[in-house]
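Please treat every number below as a calculation from the coordinates, not as lab data. Quantities reported herein were computed from a predicted structural model and do not represent experimental measurements. With ideal geometry, Cβ positions are generated from the backbone for all residues, glycine too; neighbour counts draw on all protein chains shown.
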Amino acid sequence: MLELRDLTMHFPVREGVFNRAARFCKAVDGVTLNLHAGETLGLVGESGCGKSTLGKCVVRLNQPTAGEILFEGTDLAPLKRAALKPYRRHLQMVFQDPVESLNARHTIGEILAEPFIIHGIGDRAARAASVAGLLDRVGLPATAADRYPFEFSGGQRQRIGLARAIALNPRVLVCDEPVSALDVSIQSQVLNLFLELQREMGLSYIFIAHNLAVVKHVSDRIAIMYLGRVVELAPADEIYHSARHPYTRALISAIPQPEPRRKSGRIVMTGDVPSPIDPPSGCPFHPRCPHATDRCKVEAPALRPAPNAPAGHTVSCHYDL
Amino acid sequence: MSDSSPSSPVLEVENLVTTFDTDAGTLTAVDGVSFTVKAGQTVGIVGESGCGKSVTALSIMRLLPQPMGQIAGGQIRLQGRDLVALPIDEMQQIRGGKIGMIFQEPMTALNPVHTIGRQLSEVFLLHLTKDPKDAWQRGVTMLQKVGIPAPEERMHEYPHQLSGGMRQRVVIAMALACEPSVVIADEPTTALDVTIQAQILELMQQLQRDLGLAIVLITHDLGVVAEMCDEVVVMYAGRVAESGPVESIFNHPTHPYTRGLLASIPRLSTPRKAKLPIIEGMVPSLADLPVGCRFQNRCPHRDDRCVELPPLEAVTPDHHCACHRWREIPAANVT
């Protein structure tokens with residue numbers, strides 16, 4: 001349904017007297033992914049890996065530098081504002097920070113009615129009914145419509161953000177760290193709501209997060225990103241049981257598990273994520289990789305089907321580890 | 001981590017009560033919290049936002065926002081000496097001396113306009129030496145100890161030139177500069193990526209082994225607690241809900257809140273897309289606490305007795321739980 005082809009987003013780094021863009025921050029560097037109807041694609045990586053930028057490109061909050069975003073056959077990447085408008089309602093976004101993503105001066109009713117106004121749907125009465133329906137759907141009382149964002153807790157605000165995103169029956173929801181700002185006991189409430197809405201509305205999610213346990217719980221497939229590229233893509237269970245990329249393995253082993261004294265075989269990676277402005281040559285992971293060879297320093301590995309793995313498991317590493 | 005030899009308590013917090021004067025009246029953020037930390041031991045304080053875990057840390061360091069916050073009762077004993085009544089100048093010697101502090105956000109914990117070297121030597125100049133050259137040299141040694149490559153050069157750099165993980169290492173170096181007996185770490189890895197978090201946690205464990213540190217680790221991440229701590233204190237709305245050895249808390253939680261919390265987190269072993277068990281509702285506001293047990297309005301096991309404040313009862317000699325009904329609730333084995 002949604003297909004990303006070689007999607008690239010380079011931000012110019014302006015410097016010097018003439019403010020020229022001499023260098024580029026390669027936030028997203030040639031990503032090819034697809035998303036099926038009703039599916040959740042998890043996007044995981046450390047800060048600076050380009051996962052949020054990729055999400056913003058999909059809903060066209062960023063204009064990608066190159067590549068295609070095919071939504072049901074139409075390439076959204078080159079479209080301008082007006083041409084894009086009819087598609088916007090099908091691609092919506094849920095943000096991480098439920099405080100900053102809601103206008104503090106508008107009531108919840110006004111915030112939720114806005115999508116309908118922008119797309120010219122219904123009259124005042126119909127909009128009020130829709131708003132009430134949305135609030136009910138995300139588990140908030142109808143009286144919430146007359147209140148302001150500050151009157152709600154983080155979890156409730158995230159429900160409001162979700163209500164706004166689903167207002168126009170979208171096909172794809174890009175969720176950027178939607179539960180990482182929430183308390184543990186609230187996280188599970190909101191995750192359940194995400195799963196419930198997906199079942200009821202047949203939504204497709206691109207679920208961006210750094211918490212692998214959370215991502216694995218909601219996702220059908222997971223893409224691991226490193227420095228703007230997808231390094232591994234596989235069905236969610238597969239990626240946990242038989243990760244092939246050394247980065248994925250290190251990432252999985254780094255998650256602290258809520259089981260005391262289960263510290264077996266942790267791979268502690270040395271060093272930090274390099275800057276996307278000046279990424280390493282060859283395989284971007286080679287400076288931190290315990291298996292790196294001379295070949296990795298010069299030749300960038302392409303995403304290829306993982307050997308002896310079920311279909312749909314791809315990895316970008318020269319070696320079969 | 002902890003050696004098995006019985007060591008004397010380094011830090012004892014007993015019945016700590018911390019209040020805040022606000023427009024809504026006097027609020028009790030921490031209400032009767034007690035715990036003990038021994039040398040070489042890590043005690044984790046866990047809870048959600050507003051449970052009072054950070055206020056507990058600030059109280060121990062006597063860094064409560066003034067004039068609103070004050071310690072209204074209880075004792076905080078560092079190697080037997082009560083810190084609550086200590087004059088402020090003596091407290092300043094203890095802070096950064098006997099007690100080291102690691103904060104969540106290394107960018108705000110460091111001064112952006114001073115070099116790493118200047119900030120790090122300042123700690124030594126305040127506590128250990130009068131000689132700036134000596135202080136500088138000690139700083140270099142400290143950076144080396146926390147695993148910072150090329151420490152001489154890093155000493156001349158500013159915080160913004162370092163990555164998040166490196167900055168947190170600098171903060172740890174500052175906390176450990178004067179060989180403290182206790183380190184209070186408030187969400188030390190929350191702002192870091194998982195792979196960097198793994199590095200920092202490993203560093204903290206290694207330094208603890210080398211120096212015999214007592215660590216108070218404040219966090220909301222149950223995974224971090226399970227990996228790092230010997231003892232756990234679970235806080236809810238300013239009170240201790242449950243406390244005990246980490247295995248006991250994670251494998252045999254007795255308080256309904258701890259049970260709910262442990263059941264609600266998705267694990268790698270949880271079946272995908274299954275409905276997660278939840279704790280209904282949300283943490284009550286301090287201005288509007290229920291009478292009696294503070295968890296009652298979210299508790300699936302509530303009954304008439306819960307309007308009385310439950311005392312902390314011994315489940316086993318070292319595992320305590322504040323619930324009237326813990327004996328009656330069927331034992332749940334959380335795996």
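Restrict the search to the stretch A:220-321; then list the GluC sites (Glu not before Pro) that DSSP places in a loop and that have at most 14 other Cβ atoms within 10 Å of their Cβ.
Passing sites in the stretch A:220-321 are A:E299.
Note down the nm distance, to one decimal, between modelled labels 7 Å out along Cα→Cβ at B:R272 and at A:R89.
Here the modelled spin labels are 3.2 nm apart.
Could you list log10 I(q)/I(0) for the protein assembly as shown at q = 0.07, 0.10 Å⁻¹, which the Debye formula gives when each Cα is one point scatterer?
-0.50, -1.05
Bin all alpha-carbon pair distances of the stretch B:284-335 at 5 Å intervals from 0 and give each bin's fraction as a whole percent.
For the stretch B:284-335, the binned pair fractions read 4, 18, 25, 25, 17, 9, 3, 0 percent.
Would you list which lysines come within 26 Å of A:K297, measuring only between C-alpha atoms, while excluding same-chain residues fewer than 8 positions from it?
A:K26, A:K51
Please provide three numbers in whole Å: the alpha-carbon extents of chain A along the principal axes, with the largest listed first.
Ordered largest first, chain A gives principal extents of 67, 56, 41 Å.
Once the Cβ-Cβ distance between B:D21 and A:R20 is put in as r, and R0 is 56 Å, what FRET efficiency do you end up with, to the nearest 0.05?
After rounding to 0.05, the efficiency reads 0.50.
Over the stretch A:17-134, what lengths in whole Å, largest first, do the semi-axes of the equivalent ellipsoid take, defined as the square roots of 5 times the eigenvalues of the alpha-carbon gyration tensor?
31, 18, 17
Summing -39500 (n - 2.57) over the DSSP H runs of n ≥ 4 in the protein assembly as shown and dividing by its residue number, what mean residue ellipticity at 222 nm do you reach, to the nearest 500 deg cm²/dmol?
Result for the protein assembly as shown, helices only: -9000 deg cm²/dmol.
For the stretch A:237-246, take each phi angle, set θ = phi - 60°, evaluate the Karplus expression 6.51 cos²θ - 1.76 cosθ + 1.60, and give the result in whole Hz per residue in order, putting x for glycine and proline.
3J(HN,Hα) across the stretch A:237-246, in whole Hz: 5, 4, 5, 7, 7, 9, 5, 9, 7, x.
Give the average, rounded to an integer, of partner chain Cβ atoms located within 10 angstrom of each Cβ in A:187-193.
Partner-chain Cβ atoms within 10 Å, mean over residues of A:187-193: 5.
Provide the per-residue ³J(HN,Hα) series for the stretch A:9-16, in order, calculated from phi with Karplus coefficients 6.51, -1.76, 1.60 and θ = phi - 60°, each as a whole number of Hz, with x at glycine and proline positions.
9, 10, 9, x, 9, 8, 7, x
When a footprinting reagent is the concern and you count Cβ atoms within 10 Å, what order do B:S269, B:S248 take, fewest first?
B:S269, B:S248
At 20 °C and 1.002 mPa s, what whole-number value in µm²/s does Stokes-Einstein give for the translational diffusion of the stretch A:86-174, with Rh from the Kirkwood sum over Cα pairs?
Calculated translational D: 166 µm²/s.
Please work out, to two decimal places, the log10 of the ratio I(q)/I(0) at q = 0.15, 0.18, 0.24 Å⁻¹ from a Debye calculation in which every Cα of the stretch A:176-271 carries one identical scatterer.
For the stretch A:176-271, the Cα-only Debye profile gives -0.69, -0.96, -1.39.
Which whole number gives the average count of other chain Cβ atoms within 10 Å of the Cβ atoms across peptide B:303-315?
Counting Cβ atoms of other protein chains within 10 Å of each residue's Cβ and averaging gives 0.
Let me know the number of lysine pairs in chain B closer than 20 Å at the Cα, not counting same-chain pairs under 8 apart.
Lysine pairs, 8 or more places apart or on different chains, close enough: 5.
Could you point to the residue in B:V84, B:P266, A:P287 farthest towards the positive end of the protein assembly as shown's charge dipole, with +1 and -1 charges on the Cβ of Lys/Arg and Asp/Glu respectively?
About the Cα centre, the residue reaching furthest to the positive side is A:P287.
I'm a student and want to see the number: the projected area of the Cα convex hull of the stretch B:1-120, averaged over all directions, in nm².
Taking the Cα atoms of the stretch B:1-120, their convex hull projects to 9.6 nm² on average.
Based on the Cβ-Cβ distance of B:D288 and B:D318, what FRET efficiency does E = 1/(1 + (r/R0)^6) give at R0 = 41 Å, to the nearest 0.05?
After rounding, the FRET efficiency stands at 0.75.
Would you mind checking which residues have amide H under 5 Å from A:C317's amide H? H placed 1.01 Å from N; only 5 or more apart, or other chain.
For A:C317, whose amide H was placed from the backbone, the distant partners under 5 Å are A:R304.
Could you give the length gained on full extension between A:I267 and A:E110, defined as 0.36 nm per residue of separation minus the Cα-Cα distance, in nm?
Taking 0.36 nm per residue and subtracting the Cα distance, the gain is 51.6 nm.
Ignore the peptide's own chain and count Cβ atoms of other chains within 10 Å of each Cβ in B:223-235; give me the average, rounded.
3
Under the rule that a partner needs its Cβ under 4.7 Å from the first Cβ, which Cys of chain A have none?
Those would be A:C25, A:C49, A:C57, A:C175, A:C289, A:C317, since no other cysteine Cβ in chain A comes under 4.7 Å of theirs.
Equivalent ellipsoid semi-axes for the stretch B:63-179, as square roots of 5 times the alpha carbon gyration tensor eigenvalues: give them largest first, rounded to whole Å.
28, 16, 12
Once amide H atoms are built 1.01 Å from N in the peptide plane, which residues 5 or more positions from A:C25, or in another chain, come under 5 Å H to H?
Under 5 Å from the amide H of A:C25: A:F11, A:V13.
Of B:T26, A:T314, B:T190, how do they rank once you tally other Cβ atoms within 10 Å and put the fewest first?
B:T26, B:T190, A:T314
Considering the dipole of the protein assembly as shown built from charges on the beta carbon (Lys and Arg +1, Asp and Glu -1) around the Cα centre, which of A:L33, A:N103, B:G52 is farthest to its positive end?
A:L33
Give the order of B:K273, A:K216, B:K130 when sorted by the count of other beta carbons within 10 angstrom, beginning with the fewest.
Lowest count first: B:K130, B:K273, A:K216.
Determine one quarter of the surface area of the Cα convex hull of the stretch A:223-308, which equals its mean projected area, and express it in nm² to one decimal.
6.6 nm²
Using a basic spin-label model with each label point 7 Å from the Cα along Cα→Cβ, how many nm lie between B:H301 and A:R304?
Each label point lies 7 Å from its Cα, and together they span 5.7 nm.
Which percent of Cα-Cα pairs in the stretch A:127-218 sits in each 5 Å bin, short to long?
3, 12, 26, 25, 20, 10, 3, 1
With N denoting the number of residues in chain B, provide Rg(C-alpha) divided by 2.2 N^0.38 Å, to two decimal places.
1.04
Given a Förster distance of 41 angstrom, what is the FRET efficiency for A:H241 paired with B:T108, based on the Cβ-Cβ distance and rounded to 0.05?
FRET efficiency, A:H241 to B:T108: 0.55.
In Å, what is the Rg of the alpha-carbon atoms in the stretch A:130-183, and how long is Dmax?
Cα radius of gyration and Dmax of the stretch A:130-183 are 11.3, 30 Å respectively.
Looking at the stretch B:104-151 from every direction and averaging, what is the projected area of its Cα convex hull in nm²?
Here the figure is 3.8 nm², rounded to one decimal.
Run the dipole for the protein assembly as shown about the Cα centre, Lys and Arg Cβ at +1, Asp and Glu Cβ at -1, nothing else charged, and hand back the magnitude in debye, nearest 20.
Approximately 1420 debye in magnitude.
Express as a percent, rounded to the nearest 5, the fraction of DSSP beta bridges in chain A (both residues included) that run antiparallel.
Looking only at bridges with both residues in chain A, the antiparallel portion is about 60 percent.
Where the centroid of each part is defined by its Cα atoms, how far is the stretch A:49-77 from the stretch B:93-151 in Å?
Each part's Cα centre sits 45 Å from the other's.
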